[in-house]
Every structure is written in C-alpha cells, then in structure tokens.
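Notes follow once the structure below has been shown.
The values are calculated or read from the model by the stated rules, or taken from the named source; none is laboratory data. Treat the numbers as computed from the prediction; the structure is a model and nothing was measured. Don't worry about glycine lacking a Cβ; one is built from the backbone with ideal geometry, like all the others, and counts go over all protein chains shown. Calculation scope for accessible area: heavy atoms of the full protein, side chains included, ligands and nucleic acids excluded. Shrake-Rupley method; radii C 1.70, N 1.55, O 1.52, S 1.80 Å.
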Amino acid sequence: MSTHVPEPETETEEETRTDREEPLPPAQEERMREKAEARADREERARREAEERADAEEDTYHLKVFRFDPEVEGKQEPRFDDFHVPFKQGMTVLDALIYARDTFDSSLTFRHSCRQAICGSDALFINGSQRLGCKTQLSDLEEPVRVEPLPHADVEKDLVVDMDHFYDQMEAVEPYFDADELPDGELEEQRQTRENREKVKMSTRCIWCGACMSSCNIAAGNNEYLGPAAINKAYRFAMDEREGEDRKQHRLNILEQENGVWRCQTQFSCTEVCPKDIPLTEHIQELKREAVKSNLKFW
C-alpha cells in the first residue's frame, strides 16, 4: 500500500489573488501588463512579417538580365544576373528593369524614353522574341523572364546595342518626301486622296525600333541588305501619289539593287515581331512587283 502523500498544487499568481482577494501591488501589476502587451506586439509583428514574406514570394517576378560591360574589369565576360522584382498588375518588362536598376543595381544599362510604344528605343530580346519592353506585360510571360539585347547587333553595354548600321540603312533609301511638283499657290496644300492615304497609312507607323531588322536572318548574314525597316520606309514614299513618277522611279532603282527587295526570302519574321503591326513582308512583295513592272518593255 502506497504511503506517498500528494503534494498540494501550487497556486498561480492569478488564482492566489482571486482566492485570497488580495490585489497585486500597482507596480507589479503594471509590469505584468507591459509584458503581456510586449508579447502580443511580438506575436503580431511576427505574423505580419510572415504574411509579407508569403506575399513577396507569390508577387515577385524573376528576371534573368544579360550583363556586359567592356570597360570594367571583371564585367567583360557576358553573364546573366538575377533580379526578383515585386509585381503589380499592369507592370511591363520596362517597369521591372527600371525597378531593378533603381533598387538593386544602378549600373544596369538600357535605353528607354517615352514608355508609350512610340519612341522605339527600348526594343529588347525578351524570352526569345524581339519586343518593346514598355509594351510587353510581365503577366504574359513565363518565368524566369529572360531579357537580352537585340540579336545581330554589337552590344555596347548590358542591353544597349549599336544602332548606327540600322540608321545608315534607313538613310540609304532617302526617307523624306520629295515631290516632283509643288502647288502653285504659296499657301496651297499638297493634297492626297483618301484612298492613297489608306494605302500608305500602315507604313507610316514605323518607330525605327530595329526589332524587324534584328529578327531578319537575311540581314544577320548580309550586312549590306537594306532590311525590312528601310524598305518599308521607302514604300511609304514610293507609294505616295504626291511624289511624281521620276521620283518614284529613283526610289525603285535604289530598291531593286542586289541588296534591296530581292534579298528578301519572305520568311515573315519581320512582320511577326513588328510592335506596330506593319505588314512589312507584304510591302516588300509589292515593291518587287512595282520594280518588275517598271522594267517591262513592250517594244
């Protein structure tokens, strides 16, 4: 038979105060209240931090950005840097790059200006396709979002490429209006029919971004090829009825040379990547037909 006598249960401070109806000293009661409040604050802060971490994991986009700087030792070897950018609805690739530059690495270099798909300065190679950074929604892309400079162009730094060759090709087609005849009246307009305006309307939308040139395999292998952007610019003026036949023939002479319209192999890559939806391939084929017709002789 057990001789163990159970020890009396220890009363808590709260039970003791209740049973004996003896209040704690004010100073001790104040300390207990402060400890309880501090513990509650810590628990609430931990809960908020956990929620923020969970939100951050769910609402960030992973960018892999091409980096190259020929002037800085240690950065001359091309590489990719990873950035995790907080996502907001409507955020574009350009928005994400700006955030990464301003928050994580101020040396990240890329071109941008209007941010409204008008200036054409932020054409990039995004997830394997030529796109405007300011027009490309992050939510439309699979992660990681791979951002690279335009292919088939010399990289100057990070996402910036040398555009001099592209501009030279554009200038080669004399991209400006040059009428054979001007109106008689000093203030009289150079009129154009509605039908003719509709014919050249799409070609006027070119923003000189270089995306089409970068996507063209022919331009990549032949540095002398005028390229789809330049030929489209020539189309805009060659098909404008306000320029006379002599001027149109001059433009066709430029376009029908060896590295003009006949170098196009109708791959449609330029049309697919154009951010302004210009039917570039169609324009090139029409200029081919015009060149043939101008050379036909029936005598």
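Summary table
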| quantity | calculated |
| --- | --- |
| Kirkwood hydrodynamic radius of the chain, Cα pairs, Å | 24.6 Å |
| At R0 = 25 Å, FRET efficiency that the Cβ-Cβ distance of Asp162 and Arg205 yields, to 0.05 | 0.50 |
| Added length on full extension, which subtracts the Cα-Cα distance from 0.36 nm per residue, Ala27 to Glu77 | 11.3 nm |
| Computed [θ] at 222 nm, deg cm²/dmol, the chain (DSSP H ≥ 4; -39,500 (n - 2.57); rounded to nearest 500) | -12500 deg cm²/dmol |
| Amide H partners (placed H, <5 Å) of Glu156, local residues excluded | Val161, Asp162 |
| Spin-label proximity, Tyr176 to segment 238-254 - amide N less than 17 Å from point 7 Å beyond Cα toward beta carbon | 238, 243-244, 247-248, 251 |
| All Cα pairs of segment 86-241, percent lying beyond 18 Å | 65 percent |
| Most positive-pole-ward Cα, Gln249, Thr266, Asn223, against dipole of segment 178-299 from beta carbon charges | Thr266 |
| Added length on full extension, which subtracts the Cα-Cα distance from 0.36 nm per residue, Arg194 to Glu224 | 7.2 nm |
| Spacing of the two label points (7 Å from each Cα toward its C-beta) at Ala38 and His250, in nm | 8.8 nm |
| Simple Cβ-charge dipole of the chain, Lys/Arg +1 and Asp/Glu -1, about Cα centre, in debye nearest 20 | 1920 debye |
| Long-range HN-HN contacts of Tyr61 with modeled amide H, under 5 Å | Val85, Phe87 |
| Residues whose placed amide H lies under 5 Å from that of Thr92, excluding near-sequence neighbours | Leu138 |
| Solvent accessible area, Å² - Glu195, 1.4 Å probe, full protein context | 130 Å² |
| Accessible-area order (highest first, 1.4 angstrom probe) of the listed residues Trp262, Trp208 | Trp262, Trp208 |
